[in-house]
1. Which one is surrounded by the fewest Cβ atoms within 10 Å (Cβ to Cβ) among residues in region 63-113 that are over 21 Å from L479 (Cβ atoms) and touching a Pro at 6+ places or on another chain (Cβ under 8 Å)?
2. Determine if region 229-239 includes at least one residue that is among the hydroxyl-bearing types (S, T, Y) and crowded, with 18+ Cβ neighbours inside 10 Å.
3. Determine which member of the set R41, R89 is of a type outside the set (A, V, I, L, M) and either out of contact with any Ser or Thr (no Cβ under 9 Å at 6 or more places or on another chain) or at positive phi (or both).
4. Which condition breaks for R304 when tested against (1) closer than 30 Å to L50 by Cβ; (2) in a loop (DSSP other than H, G, I, E, B); (3) open to solvent by 20 Å² or more (accessible area, probe 1.4 Å)?
5. Could you list, in sequence order, all residues of region 213-239 that are closer than 18 Å to T193 by Cβ and outside any loop (DSSP other than H, G, I, E, B)?
6. Quick one: which of E321, E325, E335, E297 is of a type in the set (D, E) and free of Cβ contacts under 8 Å to residues at least 12 places away in the same chain?
7. Looking at region 357-382, which of its residues are open to solvent by less than 20 Å² (accessible area, probe 1.4 Å) and aromatic (F, W, Y)?
Amino acid sequence: MSRIQNFEMLTSHGNQTGRNHMAQLLEAGLSVCDPYLGVKRFVRMDGCSLIFDGPEFELKNDPRSGPAVYNLEHYDRVIVVGAAKGVQRAALALEEILGDYLTGGHVIGKHGDPLICKKIGVTLAGHPIPDDFCVEGCKKIYEWSEHITERDLVITIVGSGVSSLMTWPIEGVSLQEMRDLTHMLQIEKGAITEDLNCIRTHLDRMKGGKISRLFQKATLVHLITTDIAKTNTPVLRLDYETLMQNNRFLATLADGTTFADAMDVFRRYHIWERTPKAIQDYFLKADPSGETVKLKEYESQNARVFGLTPKYETLYPAVREKAIELGYKPYMLCEYLCAEAREAGFVSGLIALNCERSGEPFETPCVIFTSGELVVTVGSHKGVGGRNQEYCLAAATKIAGSRRIVVGAVDTDGTDGPGGLKLSGAPDCLAGAIIDGYTMEEAMKNGIDIYHVLDTHAASEPLWKLGCGIQATHNISVLDLGIILITK
(Lines give C-alpha, C1' and ligand atoms only; values in the text may rest on other atoms or scores of the structure.)
Protein backbone atom coordinates (compact mmCIF):
# COMPACT_ATOMS: atom_id res chain seq x y z
CA MET A 1 0.00 0.00 0.00
CA SER A 2 1.31 3.44 -0.92
CA ARG A 3 2.27 5.61 2.03
CA ILE A 4 1.56 8.85 0.13
CA GLN A 5 -2.21 9.23 0.24
CA ASN A 6 -2.80 12.21 -2.06
CA PHE A 7 -0.68 11.31 -5.10
CA GLU A 8 -3.15 12.70 -7.65
CA MET A 9 -3.47 16.04 -5.89
CA LEU A 10 0.30 16.45 -5.77
CA THR A 11 0.89 15.59 -9.43
CA SER A 12 -2.02 17.20 -11.27
CA HIS A 13 -0.62 20.73 -11.63
CA GLY A 14 2.58 22.63 -12.35
CA ASN A 15 5.45 20.50 -13.64
CA GLN A 16 3.35 17.35 -13.78
CA THR A 17 6.05 15.02 -15.06
CA GLY A 18 8.58 16.23 -12.52
CA ARG A 19 6.02 16.09 -9.71
CA ASN A 20 5.06 12.56 -10.68
CA HIS A 21 8.69 11.47 -10.58
CA MET A 22 9.24 13.29 -7.28
CA ALA A 23 6.26 11.57 -5.68
CA GLN A 24 7.59 8.20 -6.83
CA LEU A 25 11.02 8.98 -5.36
CA LEU A 26 9.59 10.08 -2.02
CA GLU A 27 7.35 7.02 -1.95
CA ALA A 28 10.35 4.77 -2.56
CA GLY A 29 12.10 6.26 0.46
CA LEU A 30 9.02 6.24 2.67
CA SER A 31 8.10 2.63 1.91
CA VAL A 32 11.44 0.91 2.39
CA CYS A 33 11.91 1.43 6.13
CA ASP A 34 9.39 -0.68 8.00
CA PRO A 35 10.37 -2.33 11.29
CA TYR A 36 7.66 -4.94 10.76
CA LEU A 37 9.68 -6.27 7.82
CA GLY A 38 12.92 -5.96 9.79
CA VAL A 39 11.57 -8.07 12.64
CA LYS A 40 10.20 -10.66 10.22
CA ARG A 41 13.59 -11.00 8.51
CA PHE A 42 15.62 -11.06 11.69
CA VAL A 43 13.52 -12.88 14.33
CA ARG A 44 12.12 -16.40 14.11
CA MET A 45 10.85 -19.29 16.19
CA ASP A 46 12.38 -22.75 15.91
CA GLY A 47 10.29 -25.03 18.07
CA CYS A 48 10.31 -23.40 21.49
CA SER A 49 13.44 -21.32 20.73
CA LEU A 50 13.24 -17.60 19.91
CA ILE A 51 16.15 -16.68 17.63
CA PHE A 52 17.58 -13.25 16.74
CA ASP A 53 20.09 -13.88 13.96
CA GLY A 54 21.79 -11.61 11.42
CA PRO A 55 25.19 -9.90 11.60
CA GLU A 56 23.87 -6.95 9.57
CA PHE A 57 21.52 -6.13 12.48
CA GLU A 58 24.40 -5.90 14.99
CA LEU A 59 26.80 -3.12 15.85
CA LYS A 60 30.40 -3.60 14.79
CA ASN A 61 32.59 -4.91 17.65
CA ASP A 62 29.61 -5.92 19.79
CA PRO A 63 31.29 -8.00 22.56
CA ARG A 64 28.28 -10.36 22.61
CA SER A 65 28.13 -10.77 18.85
CA GLY A 66 26.39 -13.73 17.26
CA PRO A 67 22.93 -15.29 17.17
CA ALA A 68 20.85 -14.78 20.32
CA VAL A 69 18.84 -17.93 21.10
CA TYR A 70 16.32 -18.14 23.94
CA ASN A 71 14.53 -21.34 24.92
CA LEU A 72 11.14 -19.96 25.92
CA GLU A 73 10.38 -23.05 27.99
CA HIS A 74 12.92 -21.64 30.48
CA TYR A 75 11.01 -18.36 30.97
CA ASP A 76 7.84 -17.68 32.92
CA ARG A 77 6.97 -14.58 30.90
CA VAL A 78 7.86 -12.91 27.60
CA ILE A 79 7.15 -9.17 27.76
CA VAL A 80 7.40 -6.45 25.09
CA VAL A 81 7.71 -2.76 26.07
CA GLY A 82 8.88 0.36 24.29
CA ALA A 83 8.20 3.75 22.73
CA ALA A 84 8.83 5.25 19.31
CA LYS A 85 7.10 6.66 16.30
CA GLY A 86 5.82 3.60 14.43
CA VAL A 87 6.60 1.31 17.39
CA GLN A 88 3.50 -0.80 16.78
CA ARG A 89 4.85 -2.08 13.46
CA ALA A 90 7.68 -3.87 15.28
CA ALA A 91 5.43 -4.89 18.15
CA LEU A 92 2.85 -6.42 15.78
CA ALA A 93 5.54 -8.53 14.11
CA LEU A 94 6.65 -9.82 17.52
CA GLU A 95 3.05 -10.67 18.39
CA GLU A 96 2.77 -12.76 15.24
CA ILE A 97 6.12 -14.53 15.74
CA LEU A 98 5.74 -15.27 19.47
CA GLY A 99 2.10 -16.33 19.37
CA ASP A 100 1.01 -17.93 22.65
CA TYR A 101 4.50 -17.52 24.15
CA LEU A 102 3.89 -13.75 24.40
CA THR A 103 2.60 -12.77 27.84
CA GLY A 104 1.90 -9.12 26.95
CA GLY A 105 3.46 -5.74 27.44
CA HIS A 106 2.93 -2.10 26.60
CA VAL A 107 4.24 0.37 24.00
CA ILE A 108 3.83 4.11 23.49
CA GLY A 109 3.16 5.46 19.99
CA LYS A 110 2.29 8.87 18.60
CA HIS A 111 -1.16 10.42 18.44
CA GLY A 112 -2.71 9.65 15.06
CA ASP A 113 -1.22 6.17 14.71
CA PRO A 114 -3.79 3.45 14.01
CA LEU A 115 -4.16 0.87 16.78
CA ILE A 116 -2.93 -2.42 15.32
CA CYS A 117 -1.55 -4.45 18.24
CA LYS A 118 -3.81 -7.14 19.67
CA LYS A 119 -2.04 -8.48 22.78
CA ILE A 120 0.44 -5.73 23.58
CA GLY A 121 -1.14 -2.67 25.18
CA VAL A 122 -0.78 0.67 23.38
CA THR A 123 -0.90 4.29 24.57
CA LEU A 124 -0.84 7.04 21.95
CA ALA A 125 0.88 10.13 23.27
CA GLY A 126 2.32 13.57 22.51
CA HIS A 127 5.26 14.40 20.26
CA PRO A 128 7.29 16.63 20.07
CA ILE A 129 5.73 18.13 23.22
CA PRO A 130 4.97 15.43 25.83
CA ASP A 131 1.50 15.20 27.35
CA ASP A 132 -0.38 13.33 30.08
CA PHE A 133 -0.62 10.26 27.83
CA CYS A 134 3.19 9.97 27.82
CA VAL A 135 3.16 9.67 31.60
CA GLU A 136 0.21 7.27 31.49
CA GLY A 137 2.05 5.02 29.03
CA CYS A 138 5.21 5.04 31.14
CA LYS A 139 3.25 4.05 34.23
CA LYS A 140 1.78 1.09 32.35
CA ILE A 141 5.28 0.00 31.33
CA TYR A 142 6.40 0.42 34.94
CA GLU A 143 3.62 -1.93 36.08
CA TRP A 144 5.21 -4.71 34.01
CA SER A 145 8.51 -4.15 35.85
CA GLU A 146 7.15 -4.35 39.39
CA HIS A 147 7.42 -8.14 39.76
CA ILE A 148 10.21 -8.83 37.27
CA THR A 149 12.43 -11.87 37.90
CA GLU A 150 15.34 -13.75 36.35
CA ARG A 151 12.78 -16.01 34.66
CA ASP A 152 11.40 -13.19 32.49
CA LEU A 153 12.47 -12.32 28.94
CA VAL A 154 11.90 -8.64 28.14
CA ILE A 155 12.09 -7.31 24.59
CA THR A 156 12.28 -3.51 24.32
CA ILE A 157 11.60 -1.42 21.22
CA VAL A 158 12.75 2.20 20.90
CA GLY A 159 13.57 4.58 18.09
CA SER A 160 13.00 8.13 16.90
CA GLY A 161 10.37 9.86 19.00
CA VAL A 162 11.17 8.01 22.23
CA SER A 163 12.62 11.12 23.87
CA SER A 164 9.19 12.78 23.94
CA LEU A 165 6.89 9.75 24.01
CA MET A 166 8.69 8.14 26.98
CA THR A 167 8.29 11.03 29.41
CA TRP A 168 7.71 10.58 33.15
CA PRO A 169 9.34 13.42 35.10
CA ILE A 170 11.28 12.74 38.28
CA GLU A 171 9.68 13.59 41.61
CA GLY A 172 9.66 17.34 42.17
CA VAL A 173 9.43 18.26 38.47
CA SER A 174 5.99 18.60 36.92
CA LEU A 175 4.92 17.52 33.46
CA GLN A 176 4.01 21.13 32.68
CA GLU A 177 7.55 22.21 33.53
CA MET A 178 8.86 19.55 31.14
CA ARG A 179 6.44 20.72 28.46
CA ASP A 180 7.53 24.34 28.90
CA LEU A 181 11.21 23.38 28.84
CA THR A 182 10.74 21.32 25.66
CA HIS A 183 8.81 24.09 23.92
CA MET A 184 11.34 26.73 24.94
CA LEU A 185 14.33 24.74 23.68
CA GLN A 186 13.05 22.80 20.67
CA ILE A 187 10.31 25.07 19.31
CA GLU A 188 11.22 28.57 20.41
CA LYS A 189 15.03 28.26 20.32
CA GLY A 190 15.29 25.63 17.56
CA ALA A 191 17.58 23.38 19.61
CA ILE A 192 18.55 20.06 18.05
CA THR A 193 17.15 16.95 19.77
CA GLU A 194 20.57 15.82 20.99
CA ASP A 195 21.03 19.05 22.98
CA LEU A 196 17.55 18.92 24.48
CA ASN A 197 18.13 15.31 25.51
CA CYS A 198 21.16 16.25 27.63
CA ILE A 199 18.66 17.94 29.94
CA ARG A 200 15.46 15.93 29.74
CA THR A 201 17.19 12.55 29.99
CA HIS A 202 18.31 13.52 33.50
CA LEU A 203 14.84 14.73 34.46
CA ASP A 204 13.10 11.48 33.58
CA ARG A 205 12.40 8.24 35.44
CA MET A 206 12.87 6.03 32.36
CA LYS A 207 15.14 7.68 29.80
CA GLY A 208 18.91 7.43 29.90
CA GLY A 209 18.90 3.66 30.38
CA LYS A 210 16.73 3.88 33.52
CA ILE A 211 14.01 1.76 31.93
CA SER A 212 16.55 -1.06 31.64
CA ARG A 213 17.35 -0.65 35.35
CA LEU A 214 13.70 -1.39 36.06
CA PHE A 215 13.94 -4.67 34.13
CA GLN A 216 17.56 -5.51 34.94
CA LYS A 217 16.74 -8.81 36.69
CA ALA A 218 15.33 -10.14 33.42
CA THR A 219 17.04 -11.27 30.24
CA LEU A 220 16.91 -8.22 27.96
CA VAL A 221 16.81 -7.87 24.18
CA HIS A 222 16.86 -4.26 22.96
CA LEU A 223 15.51 -3.61 19.46
CA ILE A 224 16.15 -0.25 17.79
CA THR A 225 13.74 0.57 14.95
CA THR A 226 16.28 2.55 12.93
CA ASP A 227 19.78 2.05 11.52
CA ILE A 228 21.57 1.66 14.85
CA ALA A 229 25.03 2.53 13.51
CA LYS A 230 23.99 5.80 11.83
CA THR A 231 25.56 8.97 13.20
CA ASN A 232 24.44 12.57 13.15
CA THR A 233 27.40 13.43 10.96
CA PRO A 234 27.89 12.46 7.32
CA VAL A 235 29.61 9.21 6.39
CA LEU A 236 30.84 8.02 9.81
CA ARG A 237 29.40 4.79 11.25
CA LEU A 238 29.23 3.94 14.94
CA ASP A 239 30.60 0.78 16.49
CA TYR A 240 29.34 -0.69 19.78
CA GLU A 241 31.56 1.17 22.22
CA THR A 242 31.31 4.52 20.43
CA LEU A 243 27.51 4.37 20.46
CA MET A 244 27.32 3.41 24.12
CA GLN A 245 29.70 6.20 25.16
CA ASN A 246 28.02 8.89 23.04
CA ASN A 247 24.35 7.83 22.97
CA ARG A 248 21.97 10.72 23.50
CA PHE A 249 18.56 9.36 22.63
CA LEU A 250 18.21 5.56 22.72
CA ALA A 251 16.50 5.31 26.09
CA THR A 252 17.19 1.63 26.77
CA LEU A 253 20.98 1.74 26.32
CA ALA A 254 23.95 3.29 28.10
CA ASP A 255 23.72 7.08 28.00
CA GLY A 256 26.52 9.42 27.01
CA THR A 257 25.25 12.62 28.66
CA THR A 258 26.15 14.06 32.05
CA PHE A 259 24.95 16.80 34.39
CA ALA A 260 27.81 18.93 33.04
CA ASP A 261 26.58 18.45 29.47
CA ALA A 262 23.13 19.62 30.54
CA MET A 263 24.52 22.76 32.18
CA ASP A 264 26.39 23.52 28.97
CA VAL A 265 23.10 23.40 27.03
CA PHE A 266 21.42 25.77 29.49
CA ARG A 267 24.25 28.25 28.95
CA ARG A 268 24.52 27.82 25.18
CA TYR A 269 20.84 28.55 24.55
CA HIS A 270 20.63 31.28 27.24
CA ILE A 271 17.66 29.73 29.02
CA TRP A 272 18.94 29.25 32.59
CA GLU A 273 17.17 32.32 33.98
CA ARG A 274 13.89 31.16 32.45
CA THR A 275 14.21 27.60 33.76
CA PRO A 276 11.87 26.59 36.64
CA LYS A 277 13.54 26.68 40.06
CA ALA A 278 12.88 22.98 40.70
CA ILE A 279 14.91 22.09 37.60
CA GLN A 280 17.65 24.58 38.47
CA ASP A 281 17.98 23.13 41.97
CA TYR A 282 18.19 19.58 40.63
CA PHE A 283 21.04 20.36 38.24
CA LEU A 284 22.91 22.53 40.74
CA LYS A 285 22.84 19.63 43.21
CA ALA A 286 23.90 17.12 40.52
CA ASP A 287 23.38 14.16 42.84
CA PRO A 288 25.39 11.19 41.43
CA SER A 289 22.43 8.90 42.20
CA GLY A 290 20.46 10.78 39.57
CA GLU A 291 23.03 10.21 36.82
CA THR A 292 22.03 8.16 33.81
CA VAL A 293 23.18 4.60 33.07
CA LYS A 294 26.77 4.43 31.85
CA LEU A 295 28.54 1.67 29.91
CA LYS A 296 29.89 -0.25 32.92
CA GLU A 297 26.44 -0.53 34.49
CA TYR A 298 24.80 -1.39 31.18
CA GLU A 299 27.26 -4.22 30.53
CA SER A 300 26.44 -5.75 33.92
CA GLN A 301 22.96 -6.47 32.58
CA ASN A 302 22.12 -9.61 30.62
CA ALA A 303 21.29 -7.67 27.46
CA ARG A 304 21.67 -7.77 23.68
CA VAL A 305 21.03 -4.91 21.26
CA PHE A 306 20.04 -5.01 17.58
CA GLY A 307 19.02 -2.50 14.94
CA LEU A 308 16.06 -3.35 12.71
CA THR A 309 17.10 -1.28 9.67
CA PRO A 310 20.52 -2.20 8.21
CA LYS A 311 22.19 0.52 6.18
CA TYR A 312 21.61 -1.23 2.86
CA GLU A 313 17.86 -1.24 3.57
CA THR A 314 17.58 2.44 4.44
CA LEU A 315 16.02 5.02 2.18
CA TYR A 316 19.20 5.96 0.29
CA PRO A 317 19.55 2.76 -1.78
CA ALA A 318 15.81 2.77 -2.47
CA VAL A 319 15.84 6.36 -3.73
CA ARG A 320 18.96 5.76 -5.81
CA GLU A 321 17.41 2.72 -7.46
CA LYS A 322 14.17 4.56 -8.25
CA ALA A 323 16.08 7.57 -9.62
CA ILE A 324 18.06 5.36 -12.02
CA GLU A 325 14.86 3.59 -13.07
CA LEU A 326 13.30 6.98 -13.94
CA GLY A 327 16.37 8.06 -15.92
CA TYR A 328 18.16 10.32 -13.45
CA LYS A 329 21.72 10.36 -12.14
CA PRO A 330 21.54 10.12 -8.31
CA TYR A 331 23.80 12.14 -6.03
CA MET A 332 24.03 12.29 -2.22
CA LEU A 333 24.56 15.93 -1.30
CA CYS A 334 24.65 15.44 2.48
CA GLU A 335 23.86 12.37 4.57
CA TYR A 336 23.15 14.46 7.66
CA LEU A 337 21.94 17.99 6.97
CA CYS A 338 21.31 19.93 10.17
CA ALA A 339 20.58 23.59 9.59
CA GLU A 340 17.80 26.16 9.79
CA ALA A 341 15.14 24.81 7.41
CA ARG A 342 14.51 28.09 5.62
CA GLU A 343 18.19 28.77 5.00
CA ALA A 344 18.75 25.19 3.83
CA GLY A 345 15.85 25.63 1.41
CA PHE A 346 17.31 28.85 -0.02
CA VAL A 347 20.69 27.17 -0.56
CA SER A 348 19.16 24.05 -2.09
CA GLY A 349 17.14 26.15 -4.53
CA LEU A 350 20.25 28.00 -5.64
CA ILE A 351 22.24 24.77 -6.05
CA ALA A 352 19.41 23.43 -8.21
CA LEU A 353 19.48 26.55 -10.40
CA ASN A 354 23.24 26.23 -10.82
CA CYS A 355 22.88 22.63 -11.97
CA GLU A 356 20.02 23.50 -14.32
CA ARG A 357 21.90 26.35 -15.98
CA SER A 358 25.48 25.09 -16.08
CA GLY A 359 25.41 21.36 -15.34
CA GLU A 360 27.63 21.98 -12.33
CA PRO A 361 28.32 20.63 -9.80
CA PHE A 362 25.87 17.89 -10.88
CA GLU A 363 25.17 16.96 -14.47
CA THR A 364 21.47 16.89 -15.32
CA PRO A 365 19.00 15.21 -15.46
CA CYS A 366 19.71 14.34 -11.85
CA VAL A 367 18.33 13.61 -8.42
CA ILE A 368 20.17 15.20 -5.49
CA PHE A 369 19.15 14.04 -2.06
CA THR A 370 19.82 14.80 1.58
CA SER A 371 18.85 13.40 4.95
CA GLY A 372 19.24 14.57 8.53
CA GLU A 373 17.14 16.77 10.78
CA LEU A 374 16.51 20.38 9.91
CA VAL A 375 15.48 22.85 12.61
CA VAL A 376 13.01 25.71 12.77
CA THR A 377 13.51 28.51 15.27
CA VAL A 378 9.88 29.45 15.75
CA GLY A 379 10.18 32.12 18.45
CA SER A 380 6.77 33.36 19.61
CA HIS A 381 4.89 32.49 16.40
CA LYS A 382 1.99 30.02 16.59
CA GLY A 383 1.73 29.01 12.93
CA VAL A 384 1.18 25.37 11.93
CA GLY A 385 4.02 23.99 9.84
CA GLY A 386 7.06 21.74 9.82
CA ARG A 387 10.73 21.81 8.95
CA ASN A 388 10.38 19.99 5.62
CA GLN A 389 7.45 22.16 4.58
CA GLU A 390 9.40 25.31 5.40
CA TYR A 391 12.44 23.97 3.53
CA CYS A 392 10.34 23.42 0.39
CA LEU A 393 8.67 26.83 0.50
CA ALA A 394 12.04 28.54 0.90
CA ALA A 395 13.36 26.63 -2.13
CA ALA A 396 10.26 27.70 -4.08
CA THR A 397 11.27 31.36 -3.76
CA LYS A 398 14.60 30.64 -5.48
CA ILE A 399 13.46 28.36 -8.31
CA ALA A 400 10.45 30.47 -9.35
CA GLY A 401 9.99 30.29 -13.12
CA SER A 402 12.06 27.13 -13.61
CA ARG A 403 10.39 24.54 -15.81
CA ARG A 404 12.79 21.75 -14.85
CA ILE A 405 13.30 21.87 -11.08
CA VAL A 406 11.12 20.12 -8.49
CA VAL A 407 11.90 20.00 -4.76
CA GLY A 408 10.33 17.61 -2.26
CA ALA A 409 10.93 16.75 1.38
CA VAL A 410 9.27 14.61 4.05
CA ASP A 411 9.74 13.48 7.61
CA THR A 412 9.83 9.75 7.07
CA ASP A 413 7.47 9.00 9.97
CA GLY A 414 4.67 10.70 8.02
CA THR A 415 4.29 13.69 10.35
CA ASP A 416 6.30 16.84 9.75
CA GLY A 417 5.95 19.11 12.77
CA PRO A 418 3.53 19.02 15.72
CA GLY A 419 0.40 19.25 13.56
CA GLY A 420 -2.77 21.18 14.31
CA LEU A 421 -3.96 21.89 10.75
CA LYS A 422 -7.71 22.56 10.76
CA LEU A 423 -8.85 22.42 7.13
CA SER A 424 -11.69 20.36 5.71
CA GLY A 425 -10.30 17.24 4.01
CA ALA A 426 -6.75 17.86 5.24
CA PRO A 427 -4.82 15.73 7.75
CA ASP A 428 -3.99 17.19 11.14
CA CYS A 429 -0.29 17.01 10.24
CA LEU A 430 1.32 17.04 6.79
CA ALA A 431 4.25 14.75 6.06
CA GLY A 432 6.10 17.32 3.96
CA ALA A 433 5.69 18.98 0.57
CA ILE A 434 6.45 19.00 -3.16
CA ILE A 435 7.05 22.34 -4.90
CA ASP A 436 8.27 23.36 -8.36
CA GLY A 437 9.02 26.42 -10.46
CA TYR A 438 5.29 27.14 -10.80
CA THR A 439 4.58 27.29 -7.05
CA MET A 440 5.33 30.98 -6.52
CA GLU A 441 3.10 31.93 -9.46
CA GLU A 442 0.28 29.71 -8.15
CA ALA A 443 0.67 31.25 -4.68
CA MET A 444 0.38 34.79 -6.06
CA LYS A 445 -2.78 33.86 -8.01
CA ASN A 446 -4.28 32.57 -4.77
CA GLY A 447 -3.31 35.62 -2.72
CA ILE A 448 -0.69 33.74 -0.68
CA ASP A 449 2.43 35.65 0.40
CA ILE A 450 5.10 32.96 0.70
CA TYR A 451 7.57 35.30 2.40
CA HIS A 452 5.03 36.11 5.12
CA VAL A 453 4.33 32.39 5.51
CA LEU A 454 8.04 31.75 6.04
CA ASP A 455 8.30 34.58 8.56
CA THR A 456 5.39 33.21 10.61
CA HIS A 457 6.26 29.52 10.21
CA ALA A 458 2.74 28.71 9.02
CA ALA A 459 3.45 26.55 5.98
CA SER A 460 0.81 23.83 6.26
CA GLU A 461 -2.36 25.67 5.26
CA PRO A 462 -0.97 27.37 2.12
CA LEU A 463 0.80 24.20 1.02
CA TRP A 464 -2.41 22.19 1.28
CA LYS A 465 -4.43 24.85 -0.54
CA LEU A 466 -1.84 24.87 -3.35
CA GLY A 467 -1.94 21.09 -3.71
CA CYS A 468 1.66 20.84 -2.50
CA GLY A 469 1.25 19.36 0.98
CA ILE A 470 1.88 15.63 1.39
CA GLN A 471 -0.50 13.39 3.31
CA ALA A 472 1.11 10.10 4.33
CA THR A 473 0.53 7.11 6.58
CA HIS A 474 2.51 6.83 9.82
CA ASN A 475 5.52 4.61 10.46
CA ILE A 476 8.98 4.90 12.02
CA SER A 477 11.19 7.91 11.45
CA VAL A 478 14.57 7.54 9.78
CA LEU A 479 14.91 11.32 9.84
CA ASP A 480 14.15 13.58 6.88
CA LEU A 481 14.36 12.86 3.16
CA GLY A 482 14.97 15.87 0.94
CA ILE A 483 15.13 15.59 -2.85
CA ILE A 484 16.06 18.06 -5.60
CA LEU A 485 15.01 16.81 -9.03
CA ILE A 486 16.08 18.40 -12.30
CA THR A 487 14.41 16.98 -15.39
CA LYS A 488 15.77 16.76 -18.93
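The values are calculated or read from the model by the stated rules, or taken from the named source; none is laboratory data. This one's a predicted model, so the numbers in the text were calculated from it and none came from an experiment. We place every Cβ from the backbone using ideal geometry, glycine too, and count neighbours over all the protein chains shown. Just so you know, the surface numbers come from the protein's heavy atoms only, side chains and all, with ligands and any DNA or RNA stripped out. Shrake-Rupley method; radii C 1.70, N 1.55, O 1.52, S 1.80 Å.
1. Restricting to residues being over 21 Å from L479 (Cβ atoms) and touching a Pro at 6+ places or on another chain (Cβ under 8 Å), the top hit is S65.
2. Within region 229-239, not a single residue is among the hydroxyl-bearing types (S, T, Y) and crowded, with 18+ Cβ neighbours inside 10 Å.
3. R41
4. All conditions are met except number (2).
5. The answer is I224, K230.
6. The match here is E325.
7. F369
Conditions (1) at pLDDT below 95; (2) under 23 Å from L243 (Cβ atoms), marked per residue:
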{"position": "V43", "(1), (2)": "no, yes"}
{"position": "I51", "(1), (2)": "no, no"}
{"position": "L59", "(1), (2)": "yes, yes"}
{"position": "V78", "(1), (2)": "no, no"}
